[in-house]
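All remarks here apply to the structure that follows.
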Amino acid sequence: MKTIVKTDSNTSAYLFDDEKEVNMQTNQINVGDPSNLDFIIGDLNSQNAVLYENVTNAPNDWFGGKYTFDGATWTAVPGWVNPLSE
């Protein structure tokens, strides 16, 4: 797996399979085949996020913003509320 982590909070914002292409740019992150992108992440980039690859222990109940990740350890965010239930 791959995860994109926001550097200001260490929260994991995205989680992808290893096969998914993720290209960190200075102004955005491109996801998917460069000739036919799946989507562009406009609020994160190489200046405010880190891409961790070969992540083997992602939580089964992962949801964007629910966990922090420091490159080795996942930690639940205290008080996290599922935005889909609000």
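A count restricted to the range 62-79 and to residues that are modelled with pLDDT of 95 or more, part of a loop (DSSP other than H, G, I, E, B), farther than 23 Å from residue 25 by Cβ and not aliphatic (A, V, I, L, M) stands at 6.
Could you check how many residues of the range 2-25 are charged (D, E, K, R), touching a residue at least 24 places away in the same chain (Cβ under 8 Å) and part of a loop (DSSP other than H, G, I, E, B)? Walk me through it before giving the result.
Looking only at the range 2-25, we keep the residues that are charged (D, E, K, R), and these are 2, 6, 8, 17-21.
Imposing the further condition that a residue be touching a residue at least 24 places away in the same chain (Cβ under 8 Å) reduces the set to 2, 6, 8, 18.
With part of a loop (DSSP other than H, G, I, E, B) added as a condition, the list becomes 8, 18.
Selection size over the range 2-25: 2.
On the given criteria, is residue 51 modelled with pLDDT of 95 or more, part of a strand (DSSP E or B) and not charged (D, E, K, R)? So residue 51 fits the description; yes. Tallying residues that are more than 14 Å from residue 4 (Cβ to Cβ) and hydroxyl-bearing (Ser, Thr, Tyr) within the range 30-79 yields 4. Kindly evaluate residue 26 against the criterion of being at pLDDT 95 or above, within 15 Å of the chain's Cα centre (by Cα), surrounded by fewer than 11 Cβ atoms within 10 Å (Cβ to Cβ) and polar (S, T, N, Q). So residue 26 does not fit the description; no. Selection over the range 32-48 of residues that are closer than 18 Å to residue 17 by Cα and under 11 Å from the mean Cα position of the chain (by Cα) gives a count of 1.
The values are calculated or read from the model by the stated rules, or taken from the named source; none is laboratory data. Computed from a prediction, not measured in an experiment: that's the story for all the values here. As a convention, Cβ positions derive from the backbone with ideal geometry for all residues, glycine included, and neighbour counts pool all protein chains shown.
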